[in-house]
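A short worksheet on the structure shown next.
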Amino acid sequence: MIKEKKGEGVYNVVVIGAGTAGLVTSAGTAGLGGRVALIERNLMGDDCLNFGCVPFNLSNYFYGLTAVRFWSYVLASWIGMMPGTFLYVYIGTAGKAAVAAAAEGEAVRHGCQYWTFMGVGLTATIVVTIWVTKIARNALRKTQAAP
């Protein structure tokens, strides 16, 4: 009978997959003194590390899957991403204020300018989101109706 040493074969964390998240989790756990088992059946790292990284939308443009001119494509992509970005920032700011209010036991005091800016920002985000959605739906209807 083989006698195991104390702690031998025992891991604090077993990570399956050595992609970006797996490597970060493993390194973080090991850095804190934990024992890690990292399991990977292929190459360590993700596609960006092993093969080079091209963002999906840019690769679509390079592959010629769209007939839109480059700068029009970049501008439309940027406009399409901004409402979601602003909404996430707004939710994060509101969440931070809620946590601060809960921790301190009273509401965080802000001036009229702050609440005006937050209200206008939320309204603009909702309006632009609805507007971009309508434009996208109309474009899809036109392409589906085309022979």
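Read-outs: derived from the displayed coordinates by stated rules, not from any lab. Small disclaimer: the values here were computed from a predicted structure and weren't measured. As a convention, Cβ positions derive from the backbone with ideal geometry for all residues, glycine included, and neighbour counts pool all protein chains shown.
So here's what we get for this one:
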quantity: Other-chain or far-sequence residues with amide H under 5 Å of TYR11's (modelled H); calculated: none
quantity: Under 16 Å from the VAL89 label point (7 Å along Cα→beta-carbon), backbone N, the range 111-145; calculated: 114-129
quantity: Spin-label zone in the range 22-45 - amide nitrogen under 14 Å from a point set 7 Å from the Cα of TYR11 along the C-beta vector; calculated: 22-30, 34-42
